[in-house]
Amino acid sequence: MKVGWGDERTDFVSSYLARHDLDEWEARFSPYDEELYCAVLDRVTSADIVIEIGAGDLRLALRLAQHVQRVYAVEVNPLLVARALEEIGLSLPRNLAVICANALDFPIPAGVTVGVLLMRHCRHFGHYFDRLQAVGCRWLLTNARWKYGLEAIDLKAPRTPFAELTEGWYACRCGAVGYVGMGSCPDLGPVEVEDCPACRPEGAGDWTAA
Ligand SMILES: C[S@@+](CC[C@H](N)C(=O)[O-])C[C@H]1O[C@@H](n2cnc3c(N)ncnc32)[C@H](O)[C@@H]1O
């Protein structure tokens, strides 16, 4: 399975990236390790309906389909999807719907209970967060905010206005993370916030990345 586009024409690739509002890193397929996949599988149940955003070569989607009610695997790269489907052939499970589309505008199906976003270079975290929340999805399993490990975000949990936070780590619905204050609470877990400086266009970049 080829993972990049070294073998394809550069002009095609750049128009593909521009058409889909992706930068090169965000659009690259790069599989994660077994530990991360097991952490995802540990968090789902047989009742869940899962959407995997950026499903790559479907390796995780196939495993998820063995554990949950239904999986929607959305992958923007048609070359990757075509190669994966060719390899899987007629063994494609009935409860796995493979969708070759841009997840930024693909409608999230009603009933989805878990979103999986394994994409450390994701530039659209807030967009996915808001759209999953809007359809009533409960969990977002992701490595996109902190860039390591797996974070299980409860999309239904209340969020603290950023302005009320005086000291400590925070993680925002827009995808920004950082620390507020003088550093006296370094060991406390992050507070889930909204309306952080990075949420506002004029404040973009005005936050301390962890
Ligand atoms: C880092 S790879 C991870 C693949 C898979 N989740 C895994 O862990 O094996 C990220 C994948 O997301 C896809 N992707 C990025 N942006 C996307 C979008 N807007 N819609 C659908 N797929 C996207 C890329 O093409 C790439 O295959």
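Checked against the criterion of being within 13 Å of the chain's Cα centre (by Cα) and modelled with pLDDT of 95 or more, the candidates G136, G115 yield just one match: G115.
Screening Q133 against (1) loosely packed, with under 14 Cβ neighbours inside 10 Å; (2) in contact (Cβ under 8 Å) with a residue 12 or more places away in the chain leaves a single unmet condition, (1). Residues that are closer than 21 Å to R138 by Cα and β-branched (V, I, T) number at least 1 in the following helices (runs of 4 or more DSSP H) confined to the range 20-79: 34-42.
Here's the yes/no breakdown for (1) at pLDDT 95 or above; (2) within 24 Å of V135 (Cβ to Cβ); (3) under 16 Å from the mean Cα position of the chain (by Cα):
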| position | (1), (2), (3) |
| --- | --- |
| Y16 | no, no, no |
| E35 | yes, no, no |
| V40 | yes, yes, yes |
| A61 | yes, yes, yes |
| V81 | yes, yes, no |
| L92 | yes, no, no |
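For Y179, the conditions (1) surrounded by fewer than 16 Cβ atoms within 10 Å (Cβ to Cβ); (2) farther than 23 Å from L64 by Cα all hold with the exception of (1). Just to be sure, is A176 among the aliphatic types (A, V, I, L, M), away from the ligand (no atom under 16 Å from the Cβ) and more than 24 Å from P107 (Cα to Cα)? Yes.
Pairs linking a residue in the range 31-54 that is over 12 Å from V114 (Cα atoms) to a residue that is within 12 Å of the ligand (Cβ to nearest atom) and acidic (D, E), with Cβ atoms under 7 Å and 6 or more positions apart or on different chains, are G54/E75.
Scanning the range 109-123 for residues that are surrounded by 19 or more Cβ atoms within 10 Å (Cβ to Cβ) and either within 9 Å of the ligand (Cβ to nearest atom) or of a type in the set (S, T, Y) (or both) turns up T113, V116, L117, L118, M119, C122.
Taking the stated definitions as given, is F106 of a type in the set (F, W, Y), at negative phi and more than 14 Å from the ligand (Cβ to nearest atom)? Steps first, please.
Numbers: of a type in the set (F, W, Y): yes; at negative phi: yes; more than 14 Å from the ligand (Cβ to nearest atom): no.
When the stated conditions are applied, F106 does not pass them.
Residue pairs whose Cβ atoms lie under 8 Å apart, sitting 6 or more positions apart in sequence or on different chains, and linking a residue in the range 101-117 that is in contact (Cβ under 8 Å) with a residue 60 or more places away in the chain to a partner that is buried (at least 20 other Cβ atoms within 10 Å of the Cβ) and of a type in the set (G, A, S), are L117/G54; L117/A144. For the range 87-100, a residue qualifies if it is loosely packed, with under 15 Cβ neighbours inside 10 Å and farther than 23 Å from A47 by Cβ, and the qualifying residues are E87, G89, L90, S91. Of everything in the range 52-81 that is closer than 23 Å to D23 by Cβ and among the small types (G, A, S), the residue that is farthest from the ligand (Cβ to nearest atom) is A73.
The values are calculated or read from the model by the stated rules, or taken from the named source; none is laboratory data. All values reported here derive from a predicted model rather than from experimental measurement. Cβ coordinates were reconstructed from backbone atoms using ideal geometry, including for glycine residues, and neighbour counts include every protein chain displayed.
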